[in-house]
1. Out of the GluC sites (Glu not before Pro) in the range B:3-63, which ones are loop residues according to DSSP with at most 10 other C-beta atoms within 10 Å?
2. Ignoring ligands, DNA and RNA, how do A:Asp36, A:Asp429 rank by accessible area with a 1.4 Å probe, largest first?
3. Would you work out if the range B:170-211 is rounded, prolate or oblate? Take a ≥ b ≥ c from the square roots of the eigenvalues of the alpha-carbon gyration tensor; rounded if a/c is under 1.5, else prolate when a/b is larger than b/c, oblate otherwise.
4. Arrange the residues B:Ile199, A:Ile416, B:Ile16 by how much accessible surface each exposes, largest first, with a 1.4 angstrom probe.
5. Calculate the FRET efficiency for B:Glu195 and A:Arg201 from the Cβ-Cβ distance with a Förster distance of 35 Å, rounded to the nearest 0.05.
6. Show the residues, 5+ positions off or on another chain, whose built amide H is closer than 5 Å to the amide H of A:Asn370.
7. Just to verify a number: what accessible area does A:Cys194 come out at with the full protein assembly present, 1.4 Å probe, Å² rounded to tens?
8. Put a dot 7 Å past each Cα toward the Cβ at B:Asp134 and B:Asn21; how far apart are the dots in nm?
Amino acid sequence: MENQDKLLNDITTQEYQYGFVTDIETDVIPKGLSEDVVRLISFKKKEPEFMLEFRLKAYREWLKMKAPEWAHLRIPPIDFQETIYYAAPRTSPKYQSLDEVDPELLETFKKLGIPIEEQKHLAGVAVDVVMDSVSVTTTFKKVLGEKGIIFCSFSEALIEHPELIKKYLGMSVPITDNFFAALNSAVFSDGSFCYIPKGVRCPMELSTYFRINTAGTGQFERTLIIAEDDSYVSYLEGCTAPMRDENQLHAAVVEIIAMDRAEVKYSTVQNWYPGDKNGIGGIYNFVTKRGICRGESSKISWTQVETGSAITWKYPSCVLIGDNSVGEFNSVALTNHHQQADTGTKMIHIGKNTKSTIVSKGISAGKSDNSYRGLVKVMPGATNSRNYSQCDSLLLGSTCGAHTFPYIEVGNKSSIIEHEATTSKIGEDQIFYCNQRGISTEDAIGMIVNGYAREVLNKLPMEFAVEAQKLLAISLEGSVG
Amino acid sequence: MLSIKNLRASVEGKEILKGINLEVKTGEVHAIMGPNGSGKSTLANILAGKSDYEILEGEVTFLGQDLLELSPEVRSRSGLFLSFQYPVEIPGVPMISFLKASVNEHRKFKGLAPLTAGEFLKLMRAKKDMLHLDTELTNRSVNEGFSGGEKKKNEIFQMAMLEPKLAILDETDSGLDIDALRIVAEGVNALKTPENATIIVTHYQRLLDYIIPDFVHVLHNGRIVKTGGKELAFELEEKGYDWIKNGNDQ
């Protein structure tokens, strides 16, 4: 027991592998937030008037709001005047090929293990890379363009497709939704925009990598995905941040809108810097993600593997408006050291015969705290709707915590809600069994944790699943009791 | 191959093994029999390196090395295999990945390159044929939802894949019907060579109808109280363990 605690301790002391800083010239505006800063951001980005109005409205709402305190998190007070709200890499011209891209930047991606070239050729993934919130390169745009698919940075979309943005921005996540969403609406610097026209199946996985580079910056990116009738898209998001002593704020908003019979799969592998083993530094990840199934028989599924951030506050949700629409949430959240996560989902059933499935797998190690928080709400008109929820927690060692906060509100008698929850520890017997077959304790833990998470990992696209598996193993190197 | 000298061990302050002496040479099959609670499984677990026990005294040499100094995984890679009495389930981990990791760890230890997927599958097929195993087990998660018989067959299958120098079978016959018992026993016999050795830990004599031991040791109250040839097993079956207990008390 003692030995395993020690080993657990050793494994959990694994340091963050992505802690490097890219030395690229960055265009930074002074820290702090005011109406002037909001105007400056909008000006720098040469935005249309309606966008500035949207931002200012959001800013004024934000001033009236308070940071949420209901989560099972200990959040140190955040000084919003100490954050830099805009940092764009200064090398501004767009590139036609990767050869033109700043070699430093390519080096960064290499360290991250994301060879863009290789992904481009081998995996057929179009990557819209967002570093400090401005898209640096978008590949495969031409191929997609032939199908009428728009996949570009948010800023670009603002210039080229302002009518779409004007129509859909804030539809899933209104300005007033919550404190962090309002903040994002006021100051977001860039993000991704994706539009799939009627009847089009996107022929490849669309992928964005987010990465926070400049010290003291907050990353506020905004993603908007619109899937028209009978369309399909699978969207991947991966995140990392370099190692820094101070805490960095990340408050993103993702909005998805699915029309009749459209399907959107949104997958995230989040690996923001979690802070060191003593809990110093790390990203505060306060994200609002919501999809609206507007059309009948539409489907939105969220799949997330969360191993990073010092604090995670995140509830990717589905609003099921269309009859027979389907929402899914599949999550693996791993916390180690002093990390805290309060994550889960909301499934709002409005249309008839709507269905939702929640599979949440929490893994806690070290001195971390991991909570699942979920709401299943069935409106009176959502007759014959169904929900199935499964919330599992896995504990490694005896100094971590796992909590489940399920909320269920059902407004009619024909709906069926099921909820299952389990809590387990990695058994010493399981580890010994692996040891006896020649497998080291570290590898055994990686294997057992991946087995535990398999149900969710299987939902990820292939390349992502492999990366997620490695991440789970790396994030835990050293943990059991 | 294996030499145990005056091994004393306790669990949670209670002395279970009170001075075990045992010599196992290559090519030999030893049976360790004894009533429940005599320390049979404790001995098997200590040899495999389970951490719940405290070694009070004695030494164990395995292939010239101090066994008690080695970690469980190094013992395994050095050629010591334990067929578990109660194989644990590892949900979500496919048997095939587990076994591949295991086989490749063993190869790495010997300085060999890992097997490719193709080579591994070929090896697996050969061993399955040898043991007359159905192919389905390896597609499932490690021991998950396996019947008692399937778990034991799966242990022997892993043994076949790893080709240990010393195999310790802990109550491998418990929970097996007569057909499964025969398959398992035939598997063990098929894996026997003049270069390896087997220790069978069992409560009943019936497994020894199929696997003929060279030596039978009777363990009682933490000590080996009687050693003989295979006929000792029959005698035990006939007279019961009370015969030993009484004999020991006198």
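The values are calculated or read from the model by the stated rules, or taken from the named source; none is laboratory data. Please read all numbers here as calculations on a predicted model, not as lab measurements. As a convention, Cβ positions derive from the backbone with ideal geometry for all residues, glycine included, and neighbour counts pool all protein chains shown. Surface accessibility is based on the protein's heavy atoms, side chains included, excluding ligands, DNA and RNA. Shrake-Rupley method; radii C 1.70, N 1.55, O 1.52, S 1.80 Å.
1. Working: sites: B:Glu12, B:Glu15, B:Glu23, B:Glu28, B:Glu54, B:Glu57, B:Glu59; in loops: B:Glu12, B:Glu28.
Sites meeting the loop and neighbour criteria: B:Glu12.
2. Working: A:Asp36 110, A:Asp429 80 Å².
Per-residue accessible area, sorted high to low, gives A:Asp36, A:Asp429.
3. oblate
4. On the way: B:Ile199 5, A:Ile416 80, B:Ile16 35 Å².
Highest to lowest solvent-accessible surface, that is A:Ile416, B:Ile16, B:Ile199.
5. 0.05
6. A:Ala341, A:Gly401, A:Ala402, A:His403
7. Roll a 1.4 Å probe over it and A:Cys194 shows about 0 Å².
8. Roughly 4.9 nm, to one decimal.
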